[in-house]
1. Please work out if T117 is at pLDDT below 95 and within 21 Å of the chain's Cα centre (by Cα).
2. Of all residues in the range 138-169 being open to solvent by less than 80 Å² (accessible area, probe 1.4 Å) and among the small types (G, A, S), which is farthest from E199 (Cα to Cα)?
3. Could you tell me how many of the residues in the range 170-184 are open to solvent by 50 Å² or more (accessible area, probe 1.4 Å) and part of a strand (DSSP E or B)?
4. Check A96, A135 and return the single one that is in a helix (DSSP H, G or I), in contact with a strand residue (DSSP E or B) (Cβ under 9 Å, 6 or more places away or on another chain) and surrounded by 15 or more Cβ atoms within 10 Å (Cβ to Cβ).
5. Give the range 188-208 a look and list any residue that's not in a strand (DSSP E or B) and not aliphatic (A, V, I, L, M), or say none.
6. Report the residue count in the range 94-111 for those that are within 20 Å of G130 (Cβ to Cβ) and either within 24 Å of the chain's Cα centre (by Cα) or β-branched (V, I, T) (or both).
7. Inside the range 185-198, can you point out the residues that are open to solvent by 20 Å² or more (accessible area, probe 1.4 Å), out of contact with any Phe, Trp or Tyr (no Cβ under 8 Å at 6 or more places or on another chain), within 13 Å of P108 (Cβ to Cβ) and not polar (S, T, N, Q)?
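The values are calculated or read from the model by the stated rules, or taken from the named source; none is laboratory data. Since this is a predicted model, take the numbers as computed values, not measurements. Cβ coordinates were reconstructed from backbone atoms using ideal geometry, including for glycine residues, and neighbour counts include every protein chain displayed. In case anyone asks, the SASA skips ligands and DNA or RNA and just uses the protein heavy atoms, side chains included. Shrake-Rupley method; radii C 1.70, N 1.55, O 1.52, S 1.80 Å.
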Amino acid sequence: MILESRYDEVMKNIEVTTEMRNRILNNISGLDLDKNSNKVIPFPNGKKYLSVVACFVFLLVGAIIVHNTINVPEEPPLLEETGIVDHSTIGELSEAVGFTMKELHDIPFDVGTVTYTSYWEDLAEVTYTGQNNKAVLRMAPGDEDISGDYSEYADIENFRTDDYDVTIKGNDGKYSLAVWQCDGFSYAVHFAAAVSQQEMLTAVESLQ
C-alpha cells in the first residue's frame, strides 16, 4: 500500500505532452528488438512487450520532470510575504510602520528616484538614488543599530548635533555611515559612495 501511494503521488506530478508521447513512441518503434542482436537485451515477441517498454520510458520521463519541478513554486514569492513592502509615498510608508517617517532634505548629489520601503511593519527606509551615488535613510523605534552595516571603519567620530549625538564612520577622511538615537527612535544614514565629513553632517542635520 505504501508503494502504491508513493506511485500515485509521483504520477500526479508527471506531465507528458502529446509531442513528447509521439516522439517517445516513434523512438521505441525504431528499436532493434531482434533477439539475436548483441546490442539490445532480447525480448521474446518484441511487439507484445512494446507497451511494457513504453510504460518504463514514460515513468523515466516523468521522474525527470518531477525532479526538475518538485518544490519549485510557480511564481517567485511576493515581497509582502517576506515582510518587505515598497510604498508609493512617504505617507503610505508612515502608515505602514505606525510612525511619521522623516526625510533628508540636503543630499550632496542630484537625486533621480526616491523609494519608500517598510520592513516587518516596524522599520522604515527611504532610498535616494542618483547617477553617481545612493543614500539610504532608516528609522525605527528603539535604541539599536539599524544600519545593517557591519563593516570595519578606520575613522569613527562623534559629534553633537542639535539635541543628540551622532557617530559617523568612514575611511581616509571620507564617510559612509552615520548612526544616532533621538526621542525614542534609532536612525541611520548610509552613502554608497563615501562623502566628506561636512556633507555627511549636513545631510544628517537636514532630517525633518
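1. No; evaluated as a whole, the condition is false for this residue.
2. Across the range 138-169, the extreme among qualifying residues is G142.
3. So the count comes out to 3.
4. After applying the criteria, what remains is A96.
5. Residues satisfying the conditions are S196, Q197, Q198, E199, T202, E205, S206, Q208.
6. Matching residues across the range 94-111 total 2.
7. A192, A193, listed by residue number.
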